[in-house]
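The values are calculated or read from the model by the stated rules, or taken from the named source; none is laboratory data. All of these numbers come straight from a predicted model, not from anything done at the bench. Here the Cβ is made from the backbone with ideal geometry for all residues, glycine too, and neighbour counts use every protein chain on show.
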Amino acid sequence: NAGVMQNPRHLVRRRGQEARLRCSPMKGHSHVYWYRQLPEEGLKFMVYLQKENIIDESGMPKERFSAEFPKEGPSILRIQQVVRGDSAAYFCASSPRQLGETQYFGPGTRLLVL
Amino acid sequence: KQEVTQIPAALSVPEGENLVLNCSFTDSAIYNLQWFRQDPGKGLTSLLLIQSSQREQTSGRLNASLDKSSGRSTLYIAASQPGDSATYLCAVPYNNNDMRFGAGTRLTVKP
């Protein structure tokens with residue numbers, strides 16, 4: 001049973017470009033969480049999704065950021081018109097049901113905006 | 001609002017020492033607390049999960065304790081090894097949807 005997979009592992013973008021980060025949850029997991037880790041800071045919750053539904057996006061910036069978890073395929077975190085402040089590690093986690101059990105984390109995508 | 005604090009922010013010890021990492025949280029109404037390990041440039045590895053009804057969990061040389069009433073947890077590492085060098089994060093569930101993380105303790109174990 002493969003763990004949570006994220007790709008790409010590293011992503012370099014210039015200011016104004018779009019960044020797409022992908023997350024494939026563990027098999028059998030229908031709950032996906034995205035977190036952001038800024039340099040020298042802890043992880044901060046961004047968004048919680050179930051298949052085809054955004055459950056809680058209270059941690060996600062209102063502009064330029066969006067997330068989806070379609071019926072088929074991975075969850076996508078999309079950042080439009082990236083700025084240097086978006087440079088961070090973005091982690092995805094999955095769980096088989098709502099919080100109460102451990103979340104399993106992917107290796108992260110490190111985004112660098114030049 | 002739940003806030004998680006970890007002290008110290010960084011710790012350097014010689015190999016073989018026993019050490020304690022501290023985690024505190026402001027809202028004691030939690031139903032579990034989790035300790036993770038993060039290696040530089042890598043993801044998170046879950047070390048121990050303590051349910052609110054438990055007072056401690058052990059895994060090998062690691063022992064985590066939980067005192068909900070005082071809003072504290074400790075991670076005890078026995079006989080530290082250079083391979084234990086990493087950042088250790090504690091996290092508690094919040095609002096049923098996300099986890100709140102501390103900023104971590106960066107541990108260096110010198111050979």
A careful count of residues in the stretch B:1-44 that are charged (D, E, K, R) and under 25 Å from residue A:106 (Cβ atoms) gives 3
Looking at residue A:68, is it closer than 26 Å to residue B:103 by Cβ and of a type in the set (D, E, K, R)? no
Residue hits (the stretch B:58-77; away from every other protein chain (no Cβ under 14 Å), surrounded by 13 or more Cβ atoms within 10 Å (Cβ to Cβ) and either under 18 Å from residue B:32 (Cα atoms) or among the hydroxyl-bearing types (Ser, Thr, Tyr) (or both)) are B:62, B:63, B:65, B:66, B:67, B:68, B:71, B:72, B:73, B:74, B:75, B:76
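Conditions tested, residue by residue: (1) within 25 Å of residue A:92 (Cα to Cα); (2) aromatic (Phe, Trp, Tyr).
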residue	(1), (2)
B:8	no, no
B:12	no, no
B:31	yes, yes
B:38	yes, no
B:47	yes, no
B:61	no, no
B:80	no, no
The residue from A:95, A:24, A:87, A:75 that alone is in contact with a His (Cβ under 6 Å, 6 or more places away or on another chain) and within 24 Å of residue B:38 (Cβ to Cβ) is A:95
Of those in the stretch A:61-114 that are among the aromatic types (Phe, Trp, Tyr) and in a strand (DSSP E or B), the residue nearest to the other protein chains (Cβ to nearest Cβ) is A:105
Condition set of a type in the set (A, V, I, L, M) and in a strand (DSSP E or B), scope the stretch B:23-57, selection surrounded by the fewest Cβ atoms within 10 Å (Cβ to Cβ): answer is B:49
Here the qualifying pairs (Cβ atoms under 9 Å; residues six or more apart or on different chains; first in the stretch B:90-103 and at the interface with chain A (Cβ under 7 Å from one of its Cβ atoms); second modelled with pLDDT under 80 and part of a strand (DSSP E or B)) come out as none
Flagged pairs (Cβ under 7 angstrom, 6 or more apart or on separate chains; first in the stretch B:33-56, at the interface with chain A (Cβ under 7 Å from one of its Cβ atoms); second not in a strand (DSSP E or B)) are B:34/A:102; B:42/A:107; B:43/A:106; B:43/A:107; B:43/A:108; B:46/A:102; B:49/A:102
Those residues of the stretch B:78-89 which are within 16 Å of residue B:64 (Cα to Cα) and either free of Cβ contacts under 8 Å to residues at least 40 places away in the same chain or at the interface with another protein chain (Cβ under 8 Å from one of its Cβ atoms) (or both) amount to B:84, B:89
Worksheet item: Just to be sure, is residue A:12 surrounded by fewer than 14 Cβ atoms within 10 Å (Cβ to Cβ) and assigned to a strand (DSSP E or B)?
Response: yes
Of (1) part of a strand (DSSP E or B); (2) surrounded by fewer than 16 Cβ atoms within 10 Å (Cβ to Cβ), residue B:99 fails just (2)
